[in-house]
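Attaching a single structure in structure tokens format; questions to follow.
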Amino acid sequence: MRAILIVVVLAALAASAQAQQAAQLVDIPPPVSPADMANYCVFANRVYSLGSGLCLGRTGYICMPPTGPTTGNRAYWASKDDQTFTRPLCN
């Protein structure tokens, strides 16, 4: 009886691990319309508003408004300080 319980628990854990791995492989687009992408930055399929800060390692990034065709008319991540938005301090 105990052996059957152990087998069932192990099978459930294996199925759960496979489901989590499959969920990570699916690339779902962000829930923002293409027309609104000028107001948002995306990183790791998460949506950030203008002025949001993000740390990648020791480098701080800030979500900046589009500057025109050079940025594809979309908000972008910048690692430079700005007069309006300041980068986060990353340790």
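Has region 32-46 got at least one residue that is modelled with pLDDT under 85 and on the phi > 0 side of the Ramachandran plot?
Taking every residue of region 32-46 in turn, at least one turns out to be modelled with pLDDT under 85 and on the phi > 0 side of the Ramachandran plot.
Only one of these conditions is not met by Ala38: (1) of a type in the set (A, V, I, L, M); (2) assigned to a loop (DSSP other than H, G, I, E, B); (3) more than 15 Å from the chain's Cα centre (by Cα); (4) surrounded by 11 or more Cβ atoms within 10 Å (Cβ to Cβ). Which number is it?
(2)
The values are calculated or read from the model by the stated rules, or taken from the named source; none is laboratory data. These figures come from a predicted structure and were not determined experimentally. Methodologically, a virtual Cβ is constructed for each residue, glycine included, from the backbone with ideal geometry; neighbour enumeration extends over all protein chains shown.
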